[in-house]
1. Round to a whole angstrom and tell me the spacing of the C-alpha centers of the range 1-69 and the range 98-157.
2. Which whole-number value in Å² is the accessible area per residue of the range 1-45, probe 1.4 Å?
3. How are the Cα pair distances of the range 2-73 distributed, in percent, across 10 Å bins from 0?
4. Order of 126-136, 192-202 by packing, highest average Cβ count within 10 Å first?
5. Please determine, in degrees from 0 to 90 and to the nearest 10, the orientation of helix 94-112 with respect to the longest principal axis defined by the Cα atoms of the chain, where the helix direction is its Cα long axis.
6. Hey, of (1) 20.4, 67; (2) 18.9, 59; (3) 17.9, 60, which did the structure itself give for Rg and Dmax of the Cα atoms in Å when calculated?
7. Between Ile34 and Lys202, what FRET efficiency comes out of the Förster formula 1/(1 + (r/R0)^6) with R0 = 22 Å and r the beta carbon distance, rounded to 0.05?
8. Where does helix 237-260 land angle-wise versus the long Cα axis of the chain, in degrees 0 to 90, nearest 10?
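The values are calculated or read from the model by the stated rules, or taken from the named source; none is laboratory data. None of the values given here were measured: they were computed from a predicted structure. As a convention, Cβ positions derive from the backbone with ideal geometry for all residues, glycine included, and neighbour counts pool all protein chains shown. The protein model used for the area step is the full one, side chains on, heavy atoms only, and it has no ligands, DNA or RNA in it. Shrake-Rupley method; radii C 1.70, N 1.55, O 1.52, S 1.80 Å.
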Amino acid sequence: MTFYSPGSVFIHLGPITIRYYGLMYLLGFLLASIILRRLAGRFNVQMEALVNCALICFLGGIVGARLYYVLLSLPYFANHVLEIPAVWHGGLSIHGGIIGGAIAVIIYCKQKHIPVLATGDLLSTVIPLAQAIGRWGNFFNNELFGLPVSASFPIKQYIPPDMRPERFASYEFFQPAFLYESIWDFVLFLVLYFIVLPRYRKYPGITFFTYVAGYSLGRILIEPIRVDSIMLGNVQIPLIVSWLFLLVSLIAVIFLYLRNR
């Protein structure tokens, strides 16, 4: 199976260009919101406040994801300032999205006097679903691919010459890291939705930190094969951050479980 991107542009409407990248993130948000409404009814949570919080989380996540990416790529953006808001070209870091979304949710919940951890549990249950869909935006942009593979490799992604790293310019096919992460995120959503949230609903915060731990573990497994990872010398920054997130979230899960027993 070979994945060929049709290009980053979905359609031109006069002066307006609609890109697959933004479309995938919007679709992910809409589907996640539908599932979130079901969760609100199941757990007797005020639906309007929860959906509003989801929107705040989404916007905060986008801002956080972009700022995080820009800060880690500061030498480039220092010379290309006008590209900083161009999120449709890609360049959204999930780690920054988690931080930005969490900050936005905390501020909103404090203002509305809504339980932060319990709300975070519901939101984090559907976030991996949005991420799983959003990762296909990376596919259309011909980004988030792994190491080169041969034409006989069973699952591969074709990358156009102008999108290939210079050291791999002679290769046509690469591992579809976007697909690996999309599948991982979808499985994580199923685990959170059907197992973790129902079982630990009375343990506020456990579902959220399980999400962070699960996502971080996926990044730890997938990041080493990526060729577009943000580097600090020879070190992949997302890999280090994923280990830190995993450690902190596991400690938080244990603490919250013992505290609420």
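1. After rounding, the separation between the Cα centres reads 10 Å.
2. On the way: 2840 Å² over 45 residues.
I get 63 Å² per residue for the range 1-45.
3. Taking all Cα pairs of the range 2-73, the binned fractions are 16, 32, 33, 17, 3 percent.
4. So the order, starting with the most tightly packed, is 126-136, 192-202.
5. Once rounded, the angle reads 30 degrees.
6. Label of the calculated value: (2).
7. Numbers: r = 25 Å, r/R0 = 1.14.
Using R0 = 22 Å, I get an efficiency of 0.30.
8. The answer is roughly 10 degrees.
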